[in-house]
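The values are calculated or read from the model by the stated rules, or taken from the named source; none is laboratory data. Since this is a predicted model, take the numbers as computed values, not measurements. Please note: Cβ atoms are built from the backbone with ideal geometry, for glycine as well, and neighbour counts cover all protein chains shown.
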Amino acid sequence: MSDQTNTRKIEHIRAIEQDALTDRQGNWFDRIRLTHRALPELSLIQIDPSCRFLNKTLSFPLLISSMTGGDHELVRCINQNLAEAAERCQVAMGVGSQRVMFSSPEARESFALRRYAPTTVLIANIGAVQLNYGMTNTQIQQAIDVLQADALFLHLNPLQEAVQPEGDTNFTGLTESIGRLQSYLQVPIILKEVGAGLSPADIQAGLEQNIRFFDLAGSGGTSWSRIEHHRRLDQGADIGLKFQDWGLPTPLALRQAEPFLDSATLIASGGIRDGIDMAKSVILGASLCGVAAPLLQPAMESADAVVAAIEKLRREFVTAMFLLGIPNTAALFRNKALIVEER
């Protein structure tokens, strides 16, 4: 079990490296055109892109989305570089699935990141379906504790599990189990998809279990269905390819979630590739924007490389605000008057 889980983590990274089409490049945000202000009546250097999330101030609404973890030098290096960059740039970071640390105790080291990021937002991560496969509240608390996390991602990945060779596919009764877990924990649960989007019904189900945070994680970015295709031994089976574009594109998921914005906090991820996409996400109601794939290669190089990639996103985000005539992130949030057209 431990060897299999650890090996899977490396296989995922290698699939992304070797197959550029795991990034589906849906470019769904390109269909949204924003108002340009030739007279923004602002000074670029005075724009404030900061925001509040989980009672902490972030420099701008960026989340380094969940990538990896495990007992391997490569994943330890990736997570350390990401955590150091998150702290230096004061952005949030979520880790990859921590299930591996219970089958391979040596993997805990890759999640002990608070020493590298003492002040910023860190989010733990467990697959929700594992609640149906023996994962205990005590184990989940250990996952939170090793990271000293501010919140817990419970990721929902029925598509990935369905096409994965060793997938866990019993999602029966999971909604109520999630509610019981939230009652047990002292930190908030964030329900998170992994690339197929959360529907209004999913958000409503979460709200009924006292969940208030949702990472929509729509389609258009990294396809875990295609990644799992590369791991199948039965090469004739193409189910991972058949479903590689399944799901709700992130802008659509944001629009569908709009009725819940008075009671839910939304994170937009899935296909966000630049600061302009981030600005559009905030306009559509996202409090935070998750990015993973564009940061993976830099994370394999150094913390400095990750910082450079993050600063590029920040410049793009602030420039978009400047060109919209928007002085701060609060004025950008849900300001749909800035949308000229959607194609």
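Some notes on this structure:
- Filter pass, Arg212 being free of Cβ contacts under 8 Å to residues at least 40 places away in the same chain and under 18 Å from Arg334 (Cβ atoms): no
- Filter result for Ala196 (touching a residue at least 12 places away in the same chain (Cβ under 8 Å), at positive phi and part of a loop (DSSP other than H, G, I, E, B)): no
- Filtered by the rule that a residue be under 21 Å from the mean Cα position of the chain (by Cα), at pLDDT 95 or above, among the charged types (D, E, K, R) and farther than 22 Å from Glu109 by Cβ, the range 132-186 gives no residues.
- Looking only at residues in the range 196-228 that are acidic (Asp, Glu) and over 18 Å from Gly240 (Cβ atoms), the one that is surrounded by the most Cβ atoms within 10 Å (Cβ to Cβ) is Asp215.
- Close pairs from the range 275-286: first in contact (Cβ under 8 Å) with a residue 60 or more places away in the chain and crowded, with 23+ Cβ neighbours inside 10 Å, partner among the aromatic types (Phe, Trp, Tyr) and not in a strand (DSSP E or B), Cβ under 7 Å, at least 6 apart: Asp277/Phe29; Met278/Phe317; Ala279/Phe317; Lys280/Phe29; Val282/Phe333
- If the condition is being crowded, with 17+ Cβ neighbours inside 10 Å and in a helix (DSSP H, G or I), then the range 180-192 contributes Leu181, Gln182.
- Under the condition of being surrounded by fewer than 20 Cβ atoms within 10 Å (Cβ to Cβ) and either free of Cβ contacts under 8 Å to residues at least 60 places away in the same chain or of a type in the set (A, V, I, L, M, F, W, C) (or both), the residues counted in the range 56-67 number 1.
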